[in-house]
Amino acid sequence: MKSPIGERLELKATQLEDGLTAYRCSESGGIYITLEGYWKWKKSTSEEGGDEGLAEKDFPVSDYDEVVKLCPESGTLMTRYRVGHGLPFRVDRSITGGVWLDAGEWEALHADGIHRNLHLVFTAPWQKAVISAEQSALYNERLRSRLGDDFYKELSALREKIWSHPSSAEVFAYLHTKP
């Protein structure tokens with residue numbers, strides 16, 4: 001198979017996990033996992049938790065993230081999907097169902113336990129949750145910049161207190177009435 005980042009580069013078979021064969025690019029360190037190989041491995045593994053979480057500085061940053069990638073199996077363009085859930089990178093998926101991960105991305109997915117459910121990243125509910133989380137973070141950052149850091153923190157603490165109060169509905173009704 002040819003590497004998605006360069007037709008001259010051959011992918012070499014490697015064992016990512018017990019029972020999971022992937023194909024690694026010697027130049028980029030990226031890996032390609034076939035759909036068949038992924039499902040065979042997934043059926044044979046237990047559903048244990050992830051490894052220790054990665055520190056933010058440990059997130060992979062690929063020189064090939066912006067490269068348009070071609071599927072090693074079909075030669076068609078691969079589609080990018082945001083992983084989200086605290087992981088800032090995207091993974092590429094082929095129409096064959098195979099997945100390309102840039103160097104370090106498998107380890108990051110593994111650390112968060114997402115590697116066992118990689119197939120879910122490509123679903124509409126997962127992508128909707130990623131977009132929703134991004135929009136919420138953007139909204140909160142804009143609100144913080146408008147209100148100022150100190151007042152934003154106070155307001156956030158008050159919001160948490162109100163939501164956890166047994167009479168939160170009455171508190172919100174009170175706040176919606178003019179003094």
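Only helices (runs of 4 or more DSSP H) whose full extent lies in segment 63-171 are considered here, and the ones with at least 3 residues that are open to solvent by 20 Å² or more (accessible area, probe 1.4 Å) are 124-147, 149-164. Give the residues of segment 26-46 that are open to solvent by less than 80 Å² (accessible area, probe 1.4 Å) and in a loop (DSSP other than H, G, I, E, B), sorted by residue number. Within segment 26-46, 28, 29, 30, 34, 45, 46 meet the criteria.
Against the definition (within 16 Å of the chain's Cα centre (by Cα), open to solvent by less than 40 Å² (accessible area, probe 1.4 Å), at pLDDT below 95 and of a type in the set (D, E, K, R)), how does residue 58 come out, yes or no? For residue 58, the condition - within 16 Å of the chain's Cα centre (by Cα), open to solvent by less than 40 Å² (accessible area, probe 1.4 Å), at pLDDT below 95 and of a type in the set (D, E, K, R) - is not met.
The values are calculated or read from the model by the stated rules, or taken from the named source; none is laboratory data. Predicted, not measured: the structure shown is a model, and the values here were computed from it. When the accessible area is computed, the model is the full protein with side chains, heavy atoms only, and any ligands, DNA or RNA have been set aside. Shrake-Rupley method; radii C 1.70, N 1.55, O 1.52, S 1.80 Å.
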